[in-house]
Amino acid sequence: MNLRSSVDIITEWDIVAARQLGRNEAKDVGFGTVDQARITTAISELARNIYLYAGKGKIEIRQITDGNLKGLLVIASDKGPGIADVRKVMEDGYTTSGGLGAGLPGVKRLMDDFKIETVLGEGTTISASKLLR
Amino acid sequence: MMTRIPILKLRDCLIVSIQWELDDQTALSFQEDLLDKLHTTSARGVVLDLTPIDFIDSFIAKVLGDVISMSGLMGAKVVITGIQPAVAITLIELGIRLENVVTALDLENGLEKLERELED
């Protein structure tokens, strides 16, 4: 099973659309209210990062299975400037936007698995997943 | 597409119940509307009820934190009520601390707390 859906992030309103899609998908998988809030919040942060730093990009949401476990994979991709120092953006409290986002460490804590691939001048892809336990 | 959040006046307090998910523009215009209302009504306190809200991201948290500080500058106290368990959990995991914010379980407790704060 690999159901996917996605939202292009171009305006602020797309951030709302992405997180609503995420909440619906999380409900559909069977996540409880706390995990739904975690996933919705993580998507909102990732979509906002795209809007703030890359201008435009895409949030893709896939229902996944890992053995007997169902889950959700969120892929945030953009063709923005890329991240120069990945270690630095993963430090709590690091910001280049004056504190507009809680940053990636927060997203990592909300989800189970978190990966960044980034190439300067080419873009960034962040994958974050959560399994239903 | 933008919606405005109603702000009610009860004696010398303003009461706001946020009933739906906040988008960025609604949150920002609420900030201005609340400060305008404080100015025109000379209210001394605000109860901001978030009972129906099922998630708060860092942007909404910042707007709420800012409006509380701004209200403070104008001499008004703000009490936040009705934060759901899922919202409390995600805000802390996200690393957001709404420090120095007065909170209460529900609207009724919030109004009582606000009245006590205003007496001090």
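By the count of other C-beta atoms within 10 Å, a proxy for reagent exposure, A:Ser127, B:Ser58 are ordered fewest to most as A:Ser127, B:Ser58.
Given R₀ = 22 Å, what would the calculated FRET efficiency be for B:Thr51 paired with A:Gln20, taking r from the Cβ atoms and rounding to 0.05?
The pair B:Thr51/A:Gln20 has a calculated efficiency of 0.65.
Rounded to the nearest 10 degrees, the inclination of helix A:12-29 to the longest alpha-carbon principal axis of chain A is 30 degrees. Which angle from 0 to 90°, rounded to the nearest 10, does the C-alpha axis of helix A:33-49 make with the longest principal axis of chain A? The helix A:33-49 is inclined about 30 degrees to chain A.
Note on A:Val107, B:Val46: ascending count of other Cβ atoms within 10 Å places them as B:Val46, A:Val107, the fewest first. When A:Thr124, B:Thr26, A:Thr118 are arranged by Cβ crowding within 10 Å, least crowded first, meaning fewest neighbours, the order is A:Thr118, B:Thr26, A:Thr124. Per residue, the convex hull spanned by the Cα atoms of the protein assembly as shown amounts to 125 cubic angstrom.
Amide H to amide H distances under 5 Å link B:Val79 with B:Val46, B:Val47, B:Leu48, where only residues 5 or more positions off or on other chains count and H is placed in the peptide plane. Normalised by residue number, the volume inside the convex hull of the Cα atoms of region B:3-120 is 92 Å³ per residue. Annotation: the antiparallel percentage among DSSP beta bridges lying fully within the protein assembly as shown is about 75. Rounded to 0.05, the FRET efficiency of the A:Asp8 and A:Leu132 pair, given R0 = 25 Å and the Cβ-Cβ distance, is 0.40. Taking 18 Å as the straight-line reach from the Cα of A:Lys79, the lysines in range (excluding those fewer than 8 positions away in the same chain) are A:Lys56, A:Lys58, A:Lys115.
Since every read-out is calculated from the coordinates, none of them should be taken as a lab result. This structure is a prediction, so every number in the text was calculated from the model and none was measured. When we count neighbours, we look across all protein chains shown, and the Cβ atoms used for this are built from the backbone with ideal geometry, even at glycine.
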